[in-house]
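The values are calculated or read from the model by the stated rules, or taken from the named source; none is laboratory data. If you're wondering where the values come from, they're calculated on a predicted model, not measured in any experiment. Because the Cβ atoms are built from the backbone with ideal geometry, glycine has one as well, and the counts that use them run over all protein chains shown. For the accessible areas, the whole protein counts, side chains as well, though only heavy atoms, and no ligand, DNA or RNA atoms are used. Shrake-Rupley method; radii C 1.70, N 1.55, O 1.52, S 1.80 Å.
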Amino acid sequence: MMFADIEKARREMDVTARVLCDRAGVDPAAYSQFRRGRRDPRESTLRKLAQAVDRLKAERQEAGNAGSAA
């Protein structure tokens, strides 16, 4: 997953950059630099962010399924 895809998913889920960074273990200041094009993220950082996005999506899906099962 490329950074643009991660940022798009974050916005679509209406998740703040800070929440995503907390979940991924990524410095929010570094994330801000990635967003502004001042720095390129390492592959390992992209992987952490992508995994955090996937976990957040799964949690939201589970929460949606739990709500519809009630």
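Taking the charge dipole of the chain about its Cα centre, with +1 at Lys and Arg Cβ atoms and -1 at Asp and Glu Cβ atoms, the residue from Y31, V19, N65 reaching farthest to the positive side is Y31. For the chain, the per residue solvent-accessible surface stands at 70 Å², with DNA, RNA and ligands left out and a 1.4 Å probe.
Loop-resident GluC sites (Glu not before Pro) (DSSP state other than H, G, I, E or B) in the chain with no more than 15 further Cβ atoms inside 10 Å of their Cβ are absent.
Taking every alpha-carbon pair under 8 Å whose residues sit at least 6 apart, the chain reaches a relative contact order of 36 percent. For the range 47-59, backbone phi angles converted through the Karplus equation (6.51, -1.76, 1.60; θ = phi - 60°) give residue-by-residue couplings of 5, 4, 5, 5, 5, 5, 4, 4, 5, 5, 4, 5, 4 Hz, Gly and Pro being listed as x.
Short to long, the 10 Å bins of the Cα pair-distance histogram for the chain hold 21, 52, 18, 8, 1 percent of all pairs.
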